[in-house]
1. So, in nm, how far is label B:ALA213 from label B:THR34 when the simple model puts each one 7 Å beyond its Cα toward the Cβ?
2. Quick one: if the Förster radius is 45 Å, what FRET efficiency do B:ILE222 and B:ALA42 give, using the C-beta to C-beta distance and rounding to 0.05?
3. Set the Förster distance to 22 Å, then compute FRET efficiency between A:LEU18 and B:LEU304 from the Cβ-Cβ distance, nearest 0.05.
4. Distance in nm between label sites at A:ASP136 and A:GLU517, each 7 Å beyond Cα in the beta-carbon direction?
5. Could you give the length gained on full extension between A:GLU43 and A:VAL100, defined as 0.36 nm per residue of separation minus the Cα-Cα distance, in nm?
6. Separation of segment B:138-153 and segment A:398-431 by C-alpha centroid, Å?
7. Springs between alpha-carbon pairs under 10 angstrom, Gaussian network model over chain B: which of B:PRO282, B:PRO116, B:PRO243 fluctuates most?
8. Just the number, please: buried accessible area between B and A, total of both chains, 1.4 angstrom probe, nearest 100 square angstrom.
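The values are calculated or read from the model by the stated rules, or taken from the named source; none is laboratory data. For clarity, every value in this text was computed on a predicted model and none was experimentally measured. Cβ coordinates were reconstructed from backbone atoms using ideal geometry, including for glycine residues, and neighbour counts include every protein chain displayed. Remember, those area values only see protein heavy atoms, side chains included, never the ligands or the DNA or RNA. Shrake-Rupley method; radii C 1.70, N 1.55, O 1.52, S 1.80 Å.
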Amino acid sequence: MRSPGTALRTRVLHVLILFFLALLMLTARLGYIQLVRGGELGERAQVLRTREISIHPKRGAIRDIHGRELAISVDVDSLYAVPAEVVDPQVAASSLAPIVGLAEEDLVERLSRATSFVWIQRKMSTDMSAAVRELDLQGFHWTRESERYYPKGDLAGQLLGFAGIDNQGLEGVEFTYDDVLRGEGGSIVVEFDADGRQIPRATYSHFPATPGHDIYLTIDEVLQYVAEKALARVVEEQDARGGVVVLMEPATGRVLAMASSPGFDPNRWAEFEPSLWRNPIISSPDHPGSVFKPITAAAAIDAGVVNGDTRFHDPGHIRVPGATIRNWDLGSLGDTDFRTAFAKSANVIFVKVAQNLGMDRFYNYLRDFGFASPTGIALPGEADSIIPEQSGARPVDLAVMSFGQTLAVTPLQLASGMSAIANGGELMLPRIVDGVSRDGIFEPTGPEVLRRVISEQAAAQVRDLMVYTVEEGTAAPASIPGYVVGGKTGTAQKTVDGRVSTEDFISTFVGFAPALEPAVLCFVAVDEPKEDRFGSVVAAPIFKEVVAEALRHLDVPPDRPEEVRPQASEVTSEATDEDEESEAVPVPDVRGLDLKEALDLLGEQSLEGAPTDEGERVAEQFPSPGTLLEPGSTVIIYPEMIAGDDVAPDHVTVPNVSGKGLRSAAEILGEANLRMEVSGSGLIVRQEPRAGTTVPEGTLVRLELEVPED
Amino acid sequence: MRLGGDMDFEGNGTLTRGRRAKSGPARKAGSPDTILLATVLALVAFGLVMVYSASSYSALVRFGDSLFYFRRQGIWAVLGLVAMIVTLNLDYNLYRRYARPILFLGMLLLGVSLIPGIGTMARGSQRAVMIGGISVSPAEMIKLCLVIYLSHGMCRAPAKMRSFWAGVWPTLMIVGAAVAMILMQPDLGTAITVAGTAFFLLYAAGARVVHLAVVAGTAAPIVWYLIKEEPYRMRRFLAFLDPWADPMGIGFHIIQSLYALGAGRAFGVGLGASHQKFLYLPEQHTDFIFAIVGEELGFAGTALIVLLFGVLLWRGLTTAALSPDSFGSLLAAGITVMIVLQATINIGVVTSVLPVTGIPLPFISYGGSSLMVTMMSAGILLNVSRYSKA
């Protein structure tokens, strides 16, 4: 028996030390991987293993000031495929292609991509999705997406804007308030094994989507409709290029209506020229023409340069360096006072007034009235005015600007500046959003005073001049029985190709009522009317129709009651005076009737029914039943919208989803148009309501999930 | 030296107490090293649990039976335990007498396994031979056979080990022949284990460092050539340096392994809760089972396994140092090095410090032959410990 020598022991010790060091090194390496980089590596593994099925949030609705829906979201089906799960792309494509309207080769290509997710067709019609479900193809999955729907069609289209396929706001209020409306997307995260099979008993993470908030506009749907209708009629009559109407509440800066022609239907936005998406009221500065004179007058009166009684001599022309300026009618007023000059819109006198005011003060008032910067309204794409630089302005510029030429402002800038005169001298921030409803709590956006522009006395004096203009001067066609109306006409010369045109005009009108404490201010512009050109003829009737409806709709008490004979006898412009003795008739209640029945019933009362849209039944009417109208007046009828809230929901039977995974449950319930709420994880062990119960579509089904015991 | 003289199946059959042989030869067997025995049993038990946890999903997917691999591993563990009890009670000096036949048998099996039609392929690289209905992997067997034969050969004339031609050269010839046949399997991992074990045995037996340096210096270019020869080996070899260079290709194994380890952090995601085992980590119950350990039990689990191998190293080499004779010393050292070297390489691969070679983690990885041979070896090691000069 040979005993191992010390040499052997020493060498064994060497081996021991060597391997001990190796093991120590491995421990350090493990510590580095697991403790130092553990989190990062673990997350990367998680990402690799999981597939996320996103749940789109329901976009908030856009409503008018009274909560009427102007834009809503409806749930529709979208189809996607997991290419790895598709057994035979060729077979699947050939059966699917004719239904979804895609080329077969295109589908085969999509289904052969080395990706785990590919859209097949998004936002399908119910018929289409039913036909696809019929095929029961493997590897294809459904997800509910919400599609934007504008129930009132082209009403306020440019104001609302639209949302794209991913529900992202692209134009208008949809764009500006996208972060409020959009909501937050949720997802179902499902873990898959490396071959794409769902892992049994793997925990699902369900992050429910948070719906977006509803927005209440300052717009009143009824007034918006009235404005659009009045504008459309005149644009058609005059064969004009287009036009705008802005209706504001001067005291608060609320925009009650914002109509522009031509408009577009946001439901079919892609079919319209992108230029039609733009809202000209905020994006198209143009020469205001004589409607700008109240601004010049306000500045001069506030500065103490002039008052209504100041005497002037009007020779019919005035020379300024570089030009001779004449009155619009090429006539002269001779010796006159400022009141008359204002009412007759004498350019020559306004040039003199502006000269007395001086360049510096004129520009200061321009800035104070907000004409030198965008108004700051919460709408995208607001343009700035075009005004000569003060440093480079020549005397001729000042002279011409005094009656609204040379400078170009947006309709909203003009309406906003004019509101400062109407409300007693304060410039308000024009507002389009009245408030946001967050989780059922209404958060109003309050009125915001930007600055005082002129004194109350000066503002009152300008209003007097404008009242005088309606009662005695060029603006007479704008008078509204029962109310003291102030106004000013304009006929702006357009600048075409850099030259002032003698053929193309913009007929404008601005005014307010009641004059003492104006409830509404309205600016109208009609672009290139072909039949007439003067604001008094083209624009004033629109003003009269819109403001008369607005005063009645807003229940503004008449401030000249002695003129009111039967109540609201002349509220519509269509009220003809050919039958002066006609008795006012009460508006019948047509709500809930068939559209045809409603029109017949109105016809019996010699009233004209004007449906806003196609539809079967009448949901609302304006004016309300019982209102006295002159025969021949128009009653606006709002048909029920198919996707609106008023539609009685269909009833469905709750399917049985117990024992299913969350994903298949989501598909089954989605198919039945039921919503779901989830608690726990694993497989579904309880559902409420029970399977077999009949419930209205859209009912919330509560699901309880548990990880099954093995 | 008597056959069966030390068998301890008497009385209540307690093994650890270690009774002395009744026939009372010159040698008296004491108790085996308790710490070593406990470590081995702990590793085997740990391995069984981990094989179940790591393999259940792939077993379910492949065979529709989540217990498929576990059941087999369990049977092998029982067989291994029986083999360990036998070797634990078999005086190790017996192997000296049969060292030549043992090596011959091992080499024969290895050769036979290379004959097409007899050797069956398992996992694409290791060949197995069916013996009595049981598939045996000769590459696993040869490791133990060589350790026994080399220990025997080296201890006969310690002085000869100082000579290159008389001591080192014959060892190289025998090991070289075995390694060549293992490479033909082709099983690079086992070849490296065999070569490495032989190298450390030569060192322990007293070979001169200069000679060993010459051997290593000669072997390195050959190994390099072998790697370059096979393109897949080259790619595997380089992948560990930057697994993210080809994340879906050759780097996939390593990345998934690192993901699993990383996900475990300090204390793991919980036993049975691995997510990487859902077919993301290839070989999740064989060569890469250590990554699943890391994911489910965290650094605590991986460090524990490394610690267990550390204890095995310590007790094994202590046994070698305290053995009454050189053969016992070399045998104990050879077996210890064989096991710990494998463990080191396996963990090195899983943690991406060594290229992927395809070596199972002793005691833990799924694989009957490996478990059987390792437990049999452990039994021999424990038997040597019974004769320690305390």
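1. Taking the simple label geometry, B:ALA213 and B:THR34 are separated by 4.6 nm.
2. Using R0 = 45 Å, I get an efficiency of 0.70.
3. 0.50
4. The answer from the label model is 7.2 nm.
5. 16.7 nm
6. Cα centroid of segment B:138-153 versus Cα centroid of segment A:398-431: 103 Å apart.
7. Among B:PRO282, B:PRO116, B:PRO243, the largest GNM mean-square fluctuation belongs to B:PRO116.
8. Roughly 4500 Å² of accessible surface disappears when B and A pair.
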